[in-house]
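Participant: Right, I'll just put the structure down here and ask away after.
The numbers here are math on the coordinates, done by the rules we state, and not lab data. Source: prediction; values computed, not measured. As a convention, Cβ positions derive from the backbone with ideal geometry for all residues, glycine included, and neighbour counts pool all protein chains shown.
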Amino acid sequence: MRFPQHAALIAVLMAGTSLAAPVFAKEQAATPAHASSQAGAEARADALVKAMTLEEKLQLVHSYFPPLAKPQPPIAMIPSAGHVPGIPRLGIPTLRESDASLGVANQVEQRKGDVATALPASIATAATFNPRLAYEGGAMIGAEARAKTFNVLLAGGVNLTRDPWNGRNFEYLGEDPLLAGVMAGAHIKGVQSNAIVSTIKHFALNSQETGRTVLDARIDRAALRESDLLAFQIATEIGKPASVMCAYNKVNGDYACENDWLLNTVLKQDWGYKGWVMSDWGAVHSTQKAAMNGLDQDSGQELDDAMYFDKALASAVKDGSVPMARLDDMVRRILFGVIDSGLMDKPVPDSAQPIDYAAHAQVAQRAAEEGIVLLKNKGDILPLAKTAKKIVLIGAHADVGVLSGGGSSQVRSVGGAPVEIPLTTGAAASFARITWHASSPLQAIRALAPQASVTYLDGSDPKAAAEAVRGADMAIIFAWAWRTEAQDPESMTLPDKQDALIDAVAAANAKTLVVLESGGPVLMPWVDRVPAILSAWYPGQRGGEAIARILFGEVDPSGRLPITFPASVDQAPRSEPAGLAELHAADARRSAGDKTVYGMSGGVAPFTVDYLEGAEVGYRWYAAKQRKPLFPFGYGLTYTSFTYANLKIEGGAKLTVGFDVTNTGKRTGADVPQVYVEAKSAAGTRAYRLAGFEKVSLSPGEMRHVSVTVDPRVISRFDETAPGWKVDAGAYPVVVGHFAGDAALKGTATVDAQSARP
Ligand code: BGC
């Protein structure tokens, strides 16, 4: 296996990109290859707008939510997240929207047999550090969506992980803007390679689920540009999503879907974005303000407290409070996205088409195998010898399946759900269930070790588990922590007394492995008492097979953490979700019979979240505060070993960092060398930045030269007054390491002063 060079791969992904990264003074400006076809799309969109009646224009700027739409629009389609009736006389297709972060999700239609391929959680894809796999996953989902007649996919979640406990971290791509941006861009590009639309979401700062529809996220604007917005910007340049989904929350005082600075200034003006802004479902709060501040389409309009972009918008256009020119702009943007993505010229079929689920399962398995992270392997107890005689599996329904995350991204996977537990309380109770995909680790392990006795216990009795593992070649505890959209966990401790179970088993057998199925970090009070830990995330519908293959060394673990695992909850900027008091107050009123505490807000009173860490998200925070986490960003072990040598740094107008990577072990494996640069943030403080990475697969003894060209924005500070990116001339410490905080090679780059538009 050979991975393409990262820089070359990003160049491939960038091909056809018209929304080019800002050109820094002293850099050569490349001519965007896609520019002429984009100009063509703009002209076609414009001509269509001119041919449309007012009613037709108004028809395109809101979508219906199938379960609530009255009357149901007469469209033969599988009802899912939403739809916008098309305009056949002009060849404008009906927009058929479905969630699609981890596979084609279908919350609404629960028909038996309507399944889709479930990838691992996005956080696992991020852990591959391999943009090619993100692209392949997106391309697979897009192909299934098209075959199911969907043409607008609600995908591309790229909110940075600011808090380790955020309920939706599993749907996102970690805490670093470069990694998340590159991976999201590749995913979106893969989806849209099927001539359909992908969104990028949730723009911006939907960083926690508690009170997501009422909270006001407060942050310094320059810091936001250097963090979350940079992830969106990079992903938008690479993936060119036809649509951007604005978030539920407020940002610095205004709702994201009526936020002039976010939508008009940053997205449309500074980034030159030409597609359309659609709202999240139930995220619209006004007609004139939202329309004038940049919202182009109200999604699932029945979920709002009033239908702001239906009759109310018609009246606003008639009375001039929303000018006709703005309505035309909204429609032109929607049509531009539909044309530029290729959808207009290649409509989706009217009825469902066959899908090659066996081939797609391989895509899911590859992503799972590369995303699993080996966190600990004391005494090299892994890989497990195939001659093992007795293996005992414990917990997490590992006899029948693997866990998945909940919410709108939930895929009803091929093979079904062997375990499904309904929720009775909490904000997600109306639409989420704790669901296992049918991919049995027990069966997969048995298949790879047919001579061994491989047994399973559910772990409900720690004493019985301890008894069962005595004399076993390995005790494998499957530990689980379920996460879902709409709720944040109030504790990062494993539920169901699993810590005690792990202690009991580890005391009975020195060869105890913990396989963690989680949407992100959990606390590990037992970390020193077990020799081996594998983070499998939510590994998707081939997760059982992927775990088994890693265990026996059929594949070398090559995942790296895309988020920091804290040693304790107080190491991170916030130890618990903001707004818990407001949430608990609403819960108490509901329990007391108050009927007013429903709706999108769940009755939670508005509150603010102060993102005081600014741009210093994740590992940057730990570097700034000199805190040592349990496992750092970028961390992950392999069954072999890698060394770095011959650091060569070229500075000046373009920073390039070159070095040699050698596999010094006895097995073939893949490594992810990481380049970190110490820059200065807008606040003038020390700023530790991931400036590049590359996944390299090497056979024993093999050496490869890696060269990383640094995107100047990563080492820039954002100057709000210009506004724009500024690199100060000077000496920048550069390190090449195996993870954040590691410094295998050290050097200094001397860089010229540079600047670029936002
Ligand atoms: C989620 C979005 C999703 C939408 C439609 C919202 O609750 O935040 O990510 O795309 O629902 O299902």
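Participant: Which peptide among 634-640, 204-210 comes first, and what is the full order, when sorted by highest mean count of other Cβ atoms within 10 Å? Could the numbers behind the result be given before it?
Facilitator: Details: 634-640: 22.4, 204-210: 26.9.
Listed from highest to lowest mean packing, they are 204-210, 634-640.
Participant: Determine the dipole magnitude for the stretch 639-756: charges of +1 sit on the beta-carbon of Lys and Arg, -1 on that of Asp and Glu, nothing else is charged, the reference point is the Cα centre, and the result goes in debye to the nearest 20.
Facilitator: Around 180 debye, computed over the stretch 639-756.
Participant: What number comes out for the charge environment of F65, summing +1 per Lys or Arg and -1 per Asp or Glu over other residues with Cβ under 10 Å away?
Facilitator: Charge balance in the 10 Å sphere: -3.
Participant: Between the stretch 453-498 and the stretch 556-618, how many Å separate their Cα centres?
Facilitator: If we compute the Cα centre of each part, the gap is 25 Å.
Participant: Once you have a ≥ b ≥ c as the square roots of the Cα gyration tensor eigenvalues for the stretch 385-482, tell me rounded if a/c is under 1.5, and otherwise prolate or oblate according to whether a/b is larger than b/c. Spell out each step's value before the answer.
Facilitator: Working: a/c = 3.68, a/b = 1.85, b/c = 2.00.
It is oblate, given that a/c is not under 1.5 and a/b is not larger than b/c.
Participant: Dipole size in debye (nearest 20) for the stretch 127-251 around its Cα centre, Lys and Arg Cβ +1, Asp and Glu Cβ -1?
Facilitator: 340
Participant: Still on this structure: N264 to K648: FRET efficiency via 1/(1 + (r/R0)^6), r the Cβ-Cβ distance, R0 51 Å, to the nearest 0.05? Before the final figure, lay out each step's value.
Facilitator: Working: r = 44 Å, r/R0 = 0.86.
In this case the efficiency is close to 0.70.
Participant: Related question: From the phi angles alone, apply the Karplus equation (6.51, -1.76, 1.60; θ = phi - 60°) to the stretch 456-463 and give each ³J(HN,Hα) in whole Hz, x where the residue is Gly or Pro.
Facilitator: Residue by residue, the stretch 456-463 yields 9, 10, 6, x, 5, 10, x, 5 Hz.
Participant: Same structure, new question: What list of whole percents do you get for P(r) of the chain, with Cα-Cα distances grouped in 20 Å bins up to the one holding the largest distance?
Facilitator: 18, 52, 28, 2, 0
Participant: Give the whole-number value, in cubic angstrom per residue, of the convex hull volume spanned by the C-alpha atoms of the stretch 639-756.
Facilitator: 87
Participant: Using only the alpha-carbon atoms, how far is helix 324-340 inclined from the longest principal axis of the chain? Give it as 0 to 90 degrees, nearest 10.
Facilitator: Helix 324-340 and the main axis of the chain meet at about 40 degrees.
Participant: Can you say what percent of the DSSP beta bridges in the chain, counting only those with both residues inside, are antiparallel? Round to 5.
Facilitator: 60
Participant: Compute the helix-to-body angle for 131-147: its Cα long axis versus the longest principal axis of the chain, expressed 0 to 90° and rounded to tens.
Facilitator: Compared with the principal axis, the helix lies near 60 degrees.
Participant: For L119, L215, L494, what ranking results if the residue with the fewest other Cβ atoms within 10 Å of its Cβ goes first?
Facilitator: Going from sparsest to densest Cβ surroundings: L494, L215, L119.
Participant: What distance in nm separates the two pseudo spin-label positions at H584 and T455, each 7 Å out from Cα along the beta-carbon direction?
Facilitator: 4.4
Participant: Shifting gears a bit: Taking the dipole about the Cα centre of the chain, with the C-beta of Lys and Arg at +1 and of Asp and Glu at -1, give me whichever of W482, G415, A51 is farthest to the positive side.
Facilitator: The residue sitting farthest along the positive end of the dipole is G415.
Participant: Give the Debye-formula value of log10 I(q)/I(0) at each listed q (0.29 Å⁻¹), with one equal scatterer per alpha carbon of the stretch 142-211, two decimals each.
Facilitator: Debye output, listed in q order: -1.21.
Participant: Once amide H atoms are placed 1.01 Å from N in the peptide plane, what residues at a sequence separation of 5 or more from I434, or on another chain, have their amide H within under 5 Å of its amide H?
Facilitator: The answer is I421, L423.
Participant: With θ taken as phi - 60° and the coefficients 6.51, -1.76 and 1.60, list the Karplus ³J(HN,Hα) couplings across the stretch 582-597 in order, rounded to whole Hz; mark glycine and proline as x.
Facilitator: Rounded to whole hertz, the list is 5, 5, 5, 5, 5, 4, 5, 5, 5, 4, 7, x, 5, 7, 8, 8.
Participant: May I pose another question? Please turn the phi angles of the stretch 493-498 into ³J(HN,Hα) values with the Karplus equation 6.51 cos²θ - 1.76 cosθ + 1.60 (θ = phi - 60°), one per residue in order, whole Hz, x for glycine and proline.
Facilitator: With the stated coefficients, the stretch 493-498 comes to 7, 4, x, 6, 6, 5 Hz.
Participant: Compute the Rg/Rh shape ratio of the stretch 344-411: radius of gyration over Kirkwood radius, all on alpha-carbon atoms.
Facilitator: 1.13
Participant: I would also like to ask the following. Between A325 and R686, how high is the FRET efficiency from 1/(1 + (r/R0)^6) when r is the Cβ-Cβ distance and R₀ = 56 Å? Nearest 0.05.
Facilitator: That pair, A325 with R686, gives E of 0.75.
Participant: For the stretch 7-340, what is the per residue volume of the convex hull drawn over the alpha-carbon atoms, in cubic angstrom?
Facilitator: Numbers: hull volume 44.5 nm³, N = 334.
Here the figure is 133 Å³ per residue.
Participant: Considering amide H positions built from the backbone, and no H for Pro or chain starts, which residues 5 or more places from S453, or on another chain, come under 5 Å of its amide H?
Facilitator: Answer set, sorted by chain and number: K390, I391.
Participant: Modelled label-to-label distance, A306 and Q362, 7 Å Cα→beta-carbon offset: nm?
Facilitator: The answer from the label model is 5.6 nm.
Participant: Right, here's the next one. Give the order of R589, R412, R704 when sorted by the count of other beta carbons within 10 angstrom, beginning with the fewest. Display every interim value, and only then the final one.
Facilitator: Numbers: R589 14, R412 24, R704 18.
Ascending number of Cβ neighbours within 10 Å: R589, R704, R412.
Participant: Here's another thing I want to ask about it. May I ask for the distance between the Cα centers of the stretch 344-360 and the stretch 283-307, given as a whole number of Å?
Facilitator: Answer, in whole Å: 32.
Participant: Still on this structure, please answer the following. Treat the count of other C-beta atoms within 10 Å as a stand-in for reagent exposure and order D328, D350 from fewest to most.
Facilitator: D350, D328
Participant: Let me ask another. Taking amide H positions as placed in the peptide plane 1.01 Å from N, state which residues far from V322 in sequence (5 or more) or on other chains have amide H under 5 Å from it.
Facilitator: For V322, the qualifying residues are V317.
Participant: Where does each of 644-657, 390-403, 181-194 land if you order them by average Cβ count within 10 Å, highest first?
Facilitator: On the way: 644-657: 17.1, 390-403: 24.7, 181-194: 28.6.
Ranked by mean Cβ neighbours within 10 Å, highest first: 181-194, 390-403, 644-657.
Participant: Compute the signed sum of charges (Lys and Arg +1, Asp and Glu -1) over the other residues within less than 12 Å, Cβ to Cβ, of L630.
Facilitator: +2
Participant: Stokes-Einstein D for the stretch 653-712 at 10 °C, 1.306 mPa s, Kirkwood Rh over Cα pairs, in µm²/s?
Facilitator: So the translational diffusion coefficient is about 122 µm²/s.
Participant: Restricting to DSSP H runs of at least four residues, report the calculated mean residue ellipticity at 222 nm for the chain, -39500 (n - 2.57) per run over all residues, nearest 500 deg cm²/dmol.
Facilitator: Computed mean residue ellipticity for the chain: -7500 deg cm²/dmol.
Participant: Let me ask something else. Treating the beta-carbon of each Lys and Arg as +1 and of each Asp and Glu as -1, no other charges, what is the dipole magnitude of the chain about its Cα centre, to the nearest 20 debye?
Facilitator: It comes to approximately 1180 debye.
Participant: Taking just the C-alpha trace of the stretch 260-383, give me its Rg and Dmax in Å.
Facilitator: 22.3, 75
Participant: Taking Cα centroids, how far is the stretch 719-758 from the stretch 513-538 in Å?
Facilitator: Here the two parts' Cα centres lie 34 Å apart.
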